[in-house]
Structures are given as C-alpha cells and as structure tokens.
Amino acid sequence: MPEFPYLPQTEVEIEEMLRAIGVKSIAELFTDIPEKFDVDLSIPASADEFTVLRDLKELSQRNSNLNDLSVFRGGGIYKHFIPSAVQRIAGRGEFLTAYTPYQAEISQGTLQMLFEYQTMISELTGMEVSNSSMYDGASACAEAALMSVRINGKTKILISQAVHPEYIDTVKTYCFGGNIQVDEVNFDRKSGQIDLSDLKSKLSDDVSAVIVGYPNFFGVIEDLREVRKAIPENVMMIVSANPTALAILRAPGKLGADIVVGEGQPLGNPPYLGGPGFGFFASKEAYIRKMPGRIIGETKDGEGRTGYVMVLQTREQHIRRNKATSNICSNQAFNVLLASIYMSLVGPKGLQEIARRSYDKAHYLAKRIEKMDKVRPVFTGPFFSEFVVEFKKDLSSLNSKLLKDKILGPLDLGEFRDDMKNHGLICLTEANRNEEIEFFAGRLEELE
Amino acid sequence: MTIFDATVEGRTGFRLPEEKSYGFEPIDVLPEHLLRDSRPELPQVSELQVVRHFTGLSRKNHSVDSGFYPLGSCTMKYNPKLNEEAASFEGFSQLHPYQPEETIQGALELMYNLQNSLCEITGMDDFTLQPAAGAHGELVGMLLVKKYFELKGDTSRKKVIVPDSAHGTNPASAAMAGYDIVEVASNKDGRVDLESLDRLLDESVAAIMLTNPNTVGLFEKDICEIQKMAHDRGALLYYDGANLNAIMGHARPGDMGFDIVHLNLHKTFSTPHGMGGPGSGTVGVKTFLKELLPVPVIDFDGQKYRIVYDLPDSIGKIRSFFGNFGVLVRAYAYIKTMGSDGLKRASEMAVLNANYLRSKLVELIPTAYSGICKHEFVLKGTKLISEYGIRTLDLGKRLLDYGIHPPTVYFPLIVDEAIMIEPTETETKETLDHFAATIATILEEAKENPELLKLAPHTTPVGRLDEATASRKPKTRWSKGS
C-alpha cells in the first residue's frame, strides 16, 4: 500500500478501529452497497507531490500567460495591477479553509470582512444594500432579472443588445427556468448606446425590468438618466457595471437604478481564464427581503459587544427550501476577500487614479487610431476604457501577427455578432505602460 | 474595529508607476450628471495597517487548518497545499478567457482530462465543468431535465420529487427551473419509502433528486428498484453528489442508473471552501443528454483541444466563460495525487473514521438510525432535552469553547434535534478520540451545570449574537459615527 500524506490511519490503528466498530474488515463497511456496483476506476494510480507539481507546471507552461503579453483585450475580464499584499494575506488558511459562517461566534473574521465588503460595494454603486456575492457578473445579472420579477410580479425582461453577450445568454437561460420572457433591445448604431426609441416601443404592461451595461460591452457609457426617463416608474432599471469605472462615473444608485450588479474580478482578482471572480449585487433597501444570496448584518452579543451575523436567512434555501428567493448557497466569498483587501489598499484616491489612467490611456490610443487610414472608430458615444474599431482587413490574421509580437490584440466582435465582422474591441487599463501603447499603435500603423 | 474606523485622510497602501498623463479627462467629454459627484468612501490606510487588520480578522475564524471541523454534509477534509501551489502558477492564474485557443492548450487539456476523470469516477458519459457551486450544478441539472422533455414534446411533467431528508438546495433548484416540488417521505430506517414513492411517481413527474448515500449517511439499498420505477414511468433520475466522498471506487452513480449527476469539487475533491466559496458544481450526464449541456464544451480532435459553442440543443449559457477554472486546477491536482488507489482509499478511510466515531459516541448520545453508516451519521439529541434540559444547539455552542467546530445541527429535518457528524478521512484517530472525550466532558457539565452550556460559548471573540434584531432592521453597511 503506498503512503498517502493526507490519510493518517496506520495499519495498527485500522485494526483497532475495526474492532471498536465490531467488524472484521474494511470491506464489511461496504456490504450495504450491492456487489454488482463494484468497480475498478480506470484512472492513473496515485503519485507523489513532486511529480504532480512537475507535470502541472509543464501543463501550465503550455499556455501563454498574460504576464508575458501586452494585453489590449478585455470584454469582461481585465488585467489590472494587483498589490502583492492581496494574495499574501488572503492565502492564510483561516480564510481559505473556513466554511460558510453559520457559526457566527467563530466566524467573526469572515463576517466582518464581508460586512466591510458590502459597505465598499454600497459606496461604489450608490445603493443602500449589497449582498456578500454571487458566482459571477453574468449570473448576478440573471438573478437580478429574477429578483425584479419577484418584486413586481411581471413576466418580461428587456435587455439591451449592448450588454455583454454572455450575460444576455445567461439571463435567457435563467429566465427559461423561471418561464420569463426575454426581449432584446437594439443599440444605436451610431452612439453604441441603447436605442431609446426601440426601448420605448418594446415597453408594455408586463415588462418587469430593463437591463443595461455601464459601461456596456462596447465600452460605451450609457446615459442612465435618459434610460430611467424613458421607462415608467414601475419598471425596474438593472445596471450591470464595471466596478473600476464606478470610481469616476456617477453611481448608478444616484441615476435611478433599482439593482446594480457586475463582475468583481477587476477588484484585485487574477483573471484565471474568467473564474473564479465574483458577482457583486446591490439594490435599494426596500427590496432587501427579495434579494438572493447571503447578507451580513451588524448586531450585539449578550454582553453588548459588536458582532456580525448572516441576516434574513429565512429568504435562503436551507430554511425556505422551494420558496427561497434563490437556490444559491456557496458563493465566492474568498474572491470577495481579495477584493476587500485590494480596495483597502488602493483606497478612494487609488481606485479613482486607476480609473482615470485607464480612461486617459484608452482615449489617447483611440485618438491615435482615428488618424490611421484603414481603421475606423465605430461609436460616437462616450467611453471609459474600451472602444470598438472597424478594421478594413481581416482582424483574425491581424491578431495572429500581433501575437507574434507578444500583443494580445483587440477582441474580435465578429465572434459574437455576424454584423460586426472585423470589429475589434480594444481595452486599456492602468497596467498598460505608455511604451507598450506606443509600440501597439506603431504595429497597428504598420500592419493595417 | 472596522477598517473604516482606521481611516486617516491622505493615507494609502498603494502606489502606481510614475507615468506621463496624455491629458484626457472624463470631465472633457462626459456630461456632468454622469460624473461621480462624491468620492467613494473606501478606507485610507497604510499597507501594514491592511495586513494587520486582515491578519486580525483571520484569527477570529475557525478553519480546517486550525482545528477539527466535523460538519455533516460539508466534507471539511484537508485542503492540500500542493493544490494551492499548482493554482498559483501564472500559466493558470494569468489567462484571459478570450485568448486564442492555441495559446491556452494546457488549460483546455486540463479541463478535458478532468472531464474524463470525473466521467470515470462517476460512471457518466460526459461532463460540464461550468457550474460555480453545487446549487448551480443542480440548477443546470434541472434545466437539462426541462429541456429534455421540451425537446421530446412532453409538456405534462411539472413536478420534481425530492426526499424529505434532502438538502434545501434540491427543492430550491427545482423550483428555479419552474418545477413544483413533491416531497417523498423517508421510512423508519432513514431511506426513501418505496411505497410512498410508488404512489407519488406518475406521468406528471419529470425527475427524482436523490443523494446516495443520503443525508443521514445511509446507502439507499433500494436504488435499483427506485431506478426502475423512475425510468419505467418516464422520469429522469438526478444524483446530488454532495456525498460522493463515501463511495469512490466502490460504486458509481452512473452504474446505479442516474441520468444526471452533480459533484461538489469543494467537498469530495478537496478544493478549499474559502469561507463559503468559490466552489465548483460540475455536472455529468448520460449520452442522451450530451447535446443539451451548457456551452461552451471542451473537445479534442486528436490534435488540438477546442472550445465548442455550436450546440443547437444546448440549454445555453449558465454563467460567463468556462467556470471556476482556478478551482478546477486544484481538483485536478488532487485527482492526480490520489489516483485510482488513493480515491478509493480516501472513501474507505472516510467511512472507517465515521463508523469508528459513531461507535464511540453511541454510548453517549443515541444514533438516529442503526447499522453501518457511510461517511457521516446522525445522532438524535432529544435525550439532552429530557435529561439535562439543554438543546443540541447548546452542545454545539459549548464545543466552540473546546476549539472544535460543531457538527451540523437541526439537519436533516426528519430527525428531531439532529446532530450530523462527518469526520472525513483526513482526521487522525487521536482527533476522533479527543472529540468523543470532549462530548463526554460536556455531557458531564450538562449534568452538573446546564447553564454553562446554555450561555456558551465563553471563550470566543463574541458570545451568542442577537440574530433576531439583526434581521428585523438589518444594518448591512458601516456608517460614520455608529
């Protein structure tokens, strides 16, 4: 029998334990399973740590990682600077290997961290209440749609086609489950913002909510005030936002949003091929009892000491079962920890500076591109750190050439929409150094 | 003290590179009403302050790394450090989901191999790695059921059957897929009551959701009969894999006749719970449901690993990108380390540990069901009320003073004053002996001084917290001067 570092039982102990149980063998502990289910698993046998790590390292090196590339690609996952302290503190086993904080007295670290996180998300979104996370931006968006239906009892969701296409698809899948109709609203081909007249034409008494991006998938900043004006008061406005952009954009809560969601990855989380990040989820206080997910609140113990607990658990599946506001149980608490540490380190000034630099660099590159012959910026609407350009030549072959120069070039929107062939979504963040931008612009000039 | 209370205007824990600005300002383009009108009130503290704050918070947590965590149905096994090491490789953590296929062949190969390993372990034909958690996997499973009957043109099946001992997520997930829930009773042995099931199982039932071994830690011996009944009447059989840790290498849900399976990689496959997430709730299916899986799927053409979106009958997308890839890396590392022999051994030791601890505790508190258990067992705490006037909750809270995480209490719902214990295979015999001795000590305390238990815990950072008031008027965010 090989040795297993995670299995402490010695042969002597096993004999002793079997005697205490009153059986003769391990096999006797499995006699309740019909014999015909016996199976020999056809997967490789066990291995030592060093061999496994060597093999996995080799596998990881078959990927080109972002640290070796100049990254001009976003589309929902962004490369930002992450201070060393984030991973170093978060890696503590007391965070990593704790369960859901059901036992509040020995989970105050988790609970206070989540309470502080909720405060930070409330600040960024301008909403009164934040929950303690959803799986990702897309599922948060879908859960927001279901929540609006729970609140106003209507049965149709309108979603802008300028929302991230994977979010649109996720909303549709969740709504298929809930027997809710989803209609897409066109975007204005000139501005890249939601087409307000198309929105108005699709309004009806059964519309529960309208979902828009802020900025949207094309990087364009929706005018939330105008969207709010265009829809009746009893239709909810759900905003899917980029949290970095919220450092400099007017908080959606101040522009009439009812629910604000988004992907939290830009806040201190490595890209990880798109997961795990986390979905943030915030709403008006009036709707707190209709919210999905865990919510943390402050309270006191018998001696008057301040402490934190999960509140309104009667909304949740472990108590309310099929009448719960959602089935969500596990969330993305550890990724929220990364975000909390990150936001504590960068502070208000830091986050605003990160947003401003992303904006500045993106606008500089956009101006450079405007002067090029065979490339055309597509939308006129104001943008944050991403923008769409149309290439005269084949974008995928351009991207292959750029990759040879270690540049991860524009996201090919033709992969998402047939009517956007050779349209590229270019993304910049504070992590794009000026010299990289010059080099990228130079290569575009040469290659186009 | 919160991190907000430590704020001093002008302090920071962050510095960006010195770089020339290009001079583009949002204020030049954006209308005023879209510009932020007040600074977000994030903390303003130094790096060391942040480090001390979060280190301080971490010390207020119990965790697997700090002590015994016999939380029933949660499989709080050791989370190997090698998994963390592997997940931290920049060739895994620094990947963009929209990188070209040819630049992420290693990641795709890992996912493809993991899919195949999970197929082999469960006896299923195909897997999706996308669901982010167990409940997410259940939702995917129920949507697969819905889509399957929709494609068949069978619109009459509106119900899903779940046992009364099921996890709360089962009925909640089925409800999210639009199903009505019917509960099937457990019999006095703690297993699904076949007569009740027979009565409930008609043409209106789309699926039965089962956990096997079930939540009281018993193997559903009648699984073959249940399988036959379900399939004869056209219903699908769904396997909640929360308890797979008991049977690896001994039985496979696919061989038992299950059509859909979800696994919690954060339970059986040792990825850390991370205070409640991220998890991974991968879903396996039999071939006839393969075309319905969420997109994208990972495929291999003999040369290259490919990301496939073109699946016309797919239920669609259930989240963005590929799933919690970082979690998948950890689970893959675990399967590589344990291998076929180690996984089987892990299940055997989990069952051994559970039965051993059960044999020690049964002298102190009666078990809810007799006979050999699998990876966990349930005690019935009603004796605590009748003999000492204390509740299961009080026993649990007193355990905190001894540095032990309480078992799951008041679940499953079918056992009064339930105490559900899952020691897992990674705990030593000494730890189990110590736990049993501690329970004995606490019962002595209960005899002599029940108040000690009712007011427990005494040594934790805070005592029992007022949850009722906290929920009546929730204070969910910090504010100045409060």
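The values are calculated or read from the model by the stated rules, or taken from the named source; none is laboratory data. What you see is a predicted model, and the numbers here were worked out from it, not measured in a lab. So basically every Cβ, Gly included, is an ideal-geometry build from the backbone, and we count neighbours across all protein chains shown. Side chains included, ligands, DNA and RNA excluded: accessible areas come from the protein's heavy atoms. Shrake-Rupley method; radii C 1.70, N 1.55, O 1.52, S 1.80 Å.
Does A:TYR272 fit the bill of being under 17 Å from the mean Cα position of the chain (by Cα) and within 7 Å of chain B (Cβ to nearest Cβ)? Quick ask: steps written out before the conclusion?
Numbers: under 17 Å from the mean Cα position of the chain (by Cα): yes; within 7 Å of chain B (Cβ to nearest Cβ): yes.
Yes; evaluated as a whole, the condition is true for this residue.
With respect to A:GLN87, determine if the residue is under 22 Å from the mean Cα position of the chain (by Cα), open to solvent by 20 Å² or more (accessible area, probe 1.4 Å) and of a type in the set (S, T, N, Q).
On the way: under 22 Å from the mean Cα position of the chain (by Cα): yes; open to solvent by 20 Å² or more (accessible area, probe 1.4 Å): yes; of a type in the set (S, T, N, Q): yes.
It is true that A:GLN87 is under 22 Å from the mean Cα position of the chain (by Cα), open to solvent by 20 Å² or more (accessible area, probe 1.4 Å) and of a type in the set (S, T, N, Q).
Would you confirm whether any residue within the range A:27-46 is of a type in the set (Gly, Ala, Ser), surrounded by fewer than 17 Cβ atoms within 10 Å (Cβ to Cβ) and within 22 Å of B:SER117 (Cα to Cα)? Explain how you work it out, then say what you get.
Pass one, the range A:27-46, residues of a type in the set (Gly, Ala, Ser): A:27, A:42, A:45-46.
With the extra rule that they be surrounded by fewer than 17 Cβ atoms within 10 Å (Cβ to Cβ), the set shrinks to A:27, A:42, A:45.
Filter again for within 22 Å of B:SER117 (Cα to Cα), leaving A:42, A:45.
Yes - at least one qualifying residue is present in the range A:27-46.
Among the residues of the range A:1-51, count how many are facing chain B (nearest Cβ under 7 Å), closer than 25 Å to B:LYS81 by Cα and in a helix (DSSP H, G or I).
The number of residues fulfilling the criteria is 1.
Name the helices (runs of 4 or more DSSP H) wholly inside the range A:71-158 in which the number of residues that are of a type in the set (Gly, Ala, Ser) and out of contact with any Cys (no Cβ under 8 Å at 6 or more places or on another chain) is 3 or more. First the steps, then the outcome.
Details: elements: A:84-90, A:93-96, A:108-125, A:137-152.
By residue number, A:84-90, A:137-152.
Quick one: A:GLY277 ticks every box in (1) of a type in the set (Gly, Ala, Ser); (2) outside any loop (DSSP other than H, G, I, E, B); (3) within 10 Å of the chain's Cα centre (by Cα); (4) within 11 Å of chain B (Cβ to nearest Cβ) except a single one, so which number is it?
If we test A:GLY277 against (1) of a type in the set (Gly, Ala, Ser); (2) outside any loop (DSSP other than H, G, I, E, B); (3) within 10 Å of the chain's Cα centre (by Cα); (4) within 11 Å of chain B (Cβ to nearest Cβ), just (2) comes out false.
How many residues are in a loop (DSSP other than H, G, I, E, B) and either basic (Lys, Arg) or farther than 24 Å from B:VAL29 by Cα (or both) when one looks only at the range A:191-213? Walk me through how you get there before you give the answer.
Taking the range A:191-213 and keeping what is in a loop (DSSP other than H, G, I, E, B), we get A:191-193, A:195, A:203-206.
Among the residues that remain, those that are also either basic (Lys, Arg) or farther than 24 Å from B:VAL29 by Cα (or both) are: A:203-206.
Within the range A:191-213, residues that are in a loop (DSSP other than H, G, I, E, B) and either basic (Lys, Arg) or farther than 24 Å from B:VAL29 by Cα (or both) number 4.
Quick one: is A:ALA286 in the same structural domain as A:ALA140 (by TED's automatic domain parsing) and crowded, with 21+ Cβ neighbours inside 10 Å?
Values: in the same structural domain as A:ALA140 (by TED's automatic domain parsing): yes; crowded, with 21+ Cβ neighbours inside 10 Å: no.
Against the criterion (in the same structural domain as A:ALA140 (by TED's automatic domain parsing) and crowded, with 21+ Cβ neighbours inside 10 Å), A:ALA286 does not qualify.
Counting only residues that are open to solvent by 10 Å² or more (accessible area, probe 1.4 Å) and in contact with a strand residue (DSSP E or B) (Cβ under 6 Å, 6 or more places away or on another chain), how many does the range B:125-148 have? Show your work before the answer.
From the range B:125-148, those open to solvent by 10 Å² or more (accessible area, probe 1.4 Å) are B:125-126, B:146-148; that's our starting set.
Next, from what is left, pick out any that are in contact with a strand residue (DSSP E or B) (Cβ under 6 Å, 6 or more places away or on another chain): B:126.
So the count comes out to 1.
For the list (1) free of Cβ contacts under 8 Å to residues at least 60 places away in the same chain; (2) part of a loop (DSSP other than H, G, I, E, B); (3) not aromatic (Phe, Trp, Tyr), I need the number of the one condition that A:GLU430 fails.
The failed condition is (1).
Just one of the numbered conditions (1) more than 14 Å from chain B (Cβ to nearest Cβ); (2) among the small types (Gly, Ala, Ser); (3) farther than 26 Å from B:ALA135 by Cα; (4) touching a helix residue (DSSP H, G or I) at 6+ places or on another chain (Cβ under 8 Å) is not true of A:GLY126; which one?
(1)
Can you tell me how many residues within the range A:239-269 are under 14 Å from A:ALA138 (Cβ atoms) and either at the interface with chain B (Cβ under 9 Å from one of its Cβ atoms) or touching a Cys at 6+ places or on another chain (Cβ under 7 Å) (or both)?
Counting residues in the range A:239-269 that are under 14 Å from A:ALA138 (Cβ atoms) and either at the interface with chain B (Cβ under 9 Å from one of its Cβ atoms) or touching a Cys at 6+ places or on another chain (Cβ under 7 Å) (or both) gives 3.
With the checklist (1) surrounded by fewer than 24 Cβ atoms within 10 Å (Cβ to Cβ); (2) closer than 22 Å to A:ARG294 by Cα; (3) touching a residue at least 12 places away in the same chain (Cβ under 8 Å) in hand, flag the one item A:PHE95 doesn't pass.
(1)
Tell me yes or no: at least one residue of the range A:214-224 is outside any strand (DSSP E or B), open to solvent by 10 Å² or more (accessible area, probe 1.4 Å), more than 11 Å from every other protein chain (Cβ to nearest Cβ) and closer than 21 Å to A:VAL149 by Cα.
no
Determine the pairs where a residue that is assigned by TED's automatic domain parsing to the domain that holds A:PHE387, located within the range A:186-199, has a partner that is surrounded by 16 or more Cβ atoms within 10 Å (Cβ to Cβ) and in a loop (DSSP other than H, G, I, E, B) with Cβ atoms under 7 Å apart, the partner being 6 or more residues away or on another chain.
Pairs found: none.
Return the residue satisfying two criteria in turn: it lies in the range A:162-183 and is assigned to a loop (DSSP other than H, G, I, E, B) and at the interface with chain B (Cβ under 7 Å from one of its Cβ atoms), and of such residues it is least open to solvent (accessible area, probe 1.4 Å).
Just the residues of the range A:162-183 that are assigned to a loop (DSSP other than H, G, I, E, B), to begin with: A:162-164, A:178-180.
Add one more test, that the residue is at the interface with chain B (Cβ under 7 Å from one of its Cβ atoms), and what stays is A:178-179.
Numbers: A:GLY178: 34, A:ASN179: 106 Å².
Looking at the filtered set, the residue picked out is A:GLY178.
Can you tell me how many residues in the range B:295-313 are part of a loop (DSSP other than H, G, I, E, B), surrounded by 13 or more Cβ atoms within 10 Å (Cβ to Cβ) and in contact (Cβ under 8 Å) with a residue 24 or more places away in the chain?
So the count comes out to 2.
Could you tell me whether B:SER471 is free of Cβ contacts under 8 Å to residues at least 40 places away in the same chain, of a type in the set (S, T, N, Q) and at the interface with chain A (Cβ under 10 Å from one of its Cβ atoms)?
yes
Restricting attention to the range A:244-274, which residues are assigned to a helix (DSSP H, G or I) and under 23 Å from A:ARG356 (Cβ atoms)? Give the derivation first.
To start, the set of residues in the range A:244-274 that are assigned to a helix (DSSP H, G or I) comprises A:245-247, A:252-255, A:272-274.
Of everything in the range A:244-274, those that are assigned to a helix (DSSP H, G or I) and under 23 Å from A:ARG356 (Cβ atoms) turn out to be A:ALA245, A:LEU246, A:ALA247, A:PRO252, A:GLY253, A:LYS254, A:LEU255.
Is it the case that A:GLY264 is surrounded by fewer than 24 Cβ atoms within 10 Å (Cβ to Cβ), modelled with pLDDT of 95 or more, assigned by TED's automatic domain parsing to the domain that holds A:PRO101 and in contact with a strand residue (DSSP E or B) (Cβ under 9 Å, 6 or more places away or on another chain)? Give the derivation first.
Values: surrounded by fewer than 24 Cβ atoms within 10 Å (Cβ to Cβ): no; modelled with pLDDT of 95 or more: yes; assigned by TED's automatic domain parsing to the domain that holds A:PRO101: yes; in contact with a strand residue (DSSP E or B) (Cβ under 9 Å, 6 or more places away or on another chain): yes.
No: the conditions fail for A:GLY264.
Filter the range B:56-83 down to the residues that are more than 7 Å from every other protein chain (Cβ to nearest Cβ) and under 23 Å from B:PHE325 (Cβ atoms), then identify the one that is surrounded by the fewest Cβ atoms within 10 Å (Cβ to Cβ).
In this case the residue turns out to be B:LYS81.
Limited to the range B:37-52, what total is found for residues that are facing another protein chain (nearest Cβ under 7 Å) and open to solvent by less than 40 Å² (accessible area, probe 1.4 Å)? It would help to see each step written out before you state the result.
Kept after step one, since they are facing another protein chain (nearest Cβ under 7 Å), are these residues of the range B:37-52: B:37, B:39-45, B:47, B:50-51.
Checking the rest, the ones that are also open to solvent by less than 40 Å² (accessible area, probe 1.4 Å) come to B:40, B:42-45, B:50.
Final tally of qualifying residues: 6.
Please verify whether the range A:4-23 includes one or more residues that are among the aromatic types (Phe, Trp, Tyr), closer than 30 Å to A:GLU435 by Cα and open to solvent by less than 40 Å² (accessible area, probe 1.4 Å). Even if it seems obvious, please write down each step before you answer.
From the range A:4-23, those among the aromatic types (Phe, Trp, Tyr) are A:4, A:6; that's our starting set.
Of the ones still in play, those that are also closer than 30 Å to A:GLU435 by Cα are none.
Looking for residues that are among the aromatic types (Phe, Trp, Tyr), closer than 30 Å to A:GLU435 by Cα and open to solvent by less than 40 Å² (accessible area, probe 1.4 Å), one finds none in the range A:4-23, hence no.
Looking only at residues in the range B:343-399 that are among the aliphatic types (A, V, I, L, M), assigned to a helix (DSSP H, G or I) and open to solvent by 10 Å² or more (accessible area, probe 1.4 Å), which one is farthest from the other protein chains (Cβ to nearest Cβ)?
Taking the range B:343-399 first, the residues among the aliphatic types (A, V, I, L, M) are B:343, B:346, B:349-352, B:354, B:357, B:361-362, B:364-365, B:368, B:372, B:378-379, B:384-385, B:390, B:393, B:395, B:399.
Within this subset, residues satisfying the condition of being assigned to a helix (DSSP H, G or I) are B:343, B:346, B:349-352, B:354, B:357, B:361, B:384-385, B:393, B:395, B:399.
This time we only want the ones that are open to solvent by 10 Å² or more (accessible area, probe 1.4 Å), so: B:385, B:393.
Numbers: B:ILE385: 21, B:LEU393: 11 Å.
Ranking the candidates gives B:ILE385 first.
Only one of A:SER70, A:SER139, A:SER132, A:SER148 is closer than 28 Å to A:VAL207 by Cβ, touching a Lys or Arg at 6+ places or on another chain (Cβ under 7 Å) and small (Gly, Ala, Ser). Can you tell me which?
One residue alone meets the criteria, A:SER139.
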